[in-house]
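The values are calculated or read from the model by the stated rules, or taken from the named source; none is laboratory data. This one's a predicted model, so the numbers in the text were calculated from it and none came from an experiment. Quick reminder, even Gly has a Cβ in these numbers, built from the backbone with ideal geometry, and neighbours come from all protein chains shown.
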Amino acid sequence: MSRLLIVHHTPSPALHALLDSARSGATDPAVGPVEVVVKAALTATASDVLEADGYLLGTPANLGSMAGALKHFFDTIYYPCLEDTVGRPWSMYVHGNDDTAGAIRDVERIVTGLRWAKVQPILTVTGSPTRADLEAAWELGAATAAFAAGELT
């Protein structure tokens, strides 16, 4: 069975709502045979990344950058996973109060170095998530899981 790893830093109610919606989409039985593993960014390991077939990342935009917790995740897994995860699908949601561009730029630089394949546009949410934002997070989770399962290419 394929595995999707959701790595997140979720310090706010808005991010909890986005994570819950993305996880719900990823675990929908219609997506296909995929195991969904959810890990906080500070606890996810290189082994978790190596055992997964795809990745969904979630972060707040903090002071113009990704959360330090997600940066720590990348610092921990980068070299152990550099060669063995090339081409694996990834996507991301990011939440900010007003600007998410720096967080997106930072993550995209790192995953470009890892040579992962972005399979969905990045979901950017500012302010309180709307119903449409939560539906988009659900779709993001479902689509990323389908790519990890090989159901979409």
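Return the residues of region 110-130 that are within 14 Å of the chain's Cα centre (by Cα), surrounded by fewer than 18 Cβ atoms within 10 Å (Cβ to Cβ) and not aliphatic (A, V, I, L, M); say none if nothing qualifies.
Within region 110-130, K118, P121 qualify.
Only one of (1) over 13 Å from the mean Cα position of the chain (by Cα); (2) buried (at least 16 other Cβ atoms within 10 Å of the Cβ); (3) among the aliphatic types (A, V, I, L, M) fails for V107. Which number is that?
(1)
Specify which of the listed residues (A17, A30, A41, A61) is surrounded by 15 or more Cβ atoms within 10 Å (Cβ to Cβ) and either modelled with pLDDT under 95 or under 13 Å from the mean Cα position of the chain (by Cα) (or both).
Matching residue, one of A17, A30, A41, A61: A41.
Looking only at residues that are surrounded by fewer than 24 Cβ atoms within 10 Å (Cβ to Cβ) and of a type outside the set (D, E, K, R) in region 131-141, which one is nearest to P33 (Cα to Cα)?
Filtering first and then ranking leaves W138.
Consider only pairs whose beta carbons are under 8 Å apart and that are at least six residues apart or on different chains; among these, list those whose first residue lies in region 15-33 and is of a type in the set (V, I, T) and whose second residue is assigned to a loop (DSSP other than H, G, I, E, B).
Correct list of pairs: V31/A149; V31/E151.
Which of (1) in contact (Cβ under 8 Å) with a residue 60 or more places away in the chain; (2) in contact with an Asp or Glu (Cβ under 7 Å, 6 or more places away or on another chain); (3) of a type outside the set (S, T, N, Q) is the odd one out, the single condition L50 does not satisfy?
Every listed condition holds for L50 apart from (1).
Which of the helices (runs of 4 or more DSSP H) contained wholly in region 60-153 include at least 3 residues that are more than 16 Å from A26 (Cα to Cα)?
Helices (runs of 4 or more DSSP H) meeting the threshold: 68-81, 101-114.
What are the residues in region 105-132 that are touching a Gly at 6+ places or on another chain (Cβ under 8 Å) and of a type in the set (A, V, I, L, M, F, W, C), if any?
W116, A117, V119, V125
Scan (1) touching a Leu at 6+ places or on another chain (Cβ under 7 Å); (2) of a type outside the set (D, E); (3) within 24 Å of E135 (Cα to Cα) for the single condition A52 breaks and write down its number.
(3)
Starting from region 128-153, take each residue that is touching a residue at least 60 places away in the same chain (Cβ under 8 Å) and over 20 Å from A117 (Cα atoms) and list its partners that are outside any helix (DSSP H, G or I) and of a type in the set (S, T, Y), counting only C-beta distances under 8 angstrom and pairs at least six apart or across chains.
Listed by first residue and then by second, the contacts come to nothing, as the list is empty.
Here is a yes/no grid of residues against (1) within 18 Å of L50 (Cβ to Cβ); (2) in contact with a helix residue (DSSP H, G or I) (Cβ under 8 Å, 6 or more places away or on another chain); (3) of a type in the set (S, T, Y):
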position: S91; (1), (2), (3): no, yes, yes
position: D106; (1), (2), (3): no, yes, no
position: G113; (1), (2), (3): yes, yes, no
position: D133; (1), (2), (3): no, yes, no
position: A145; (1), (2), (3): no, yes, no
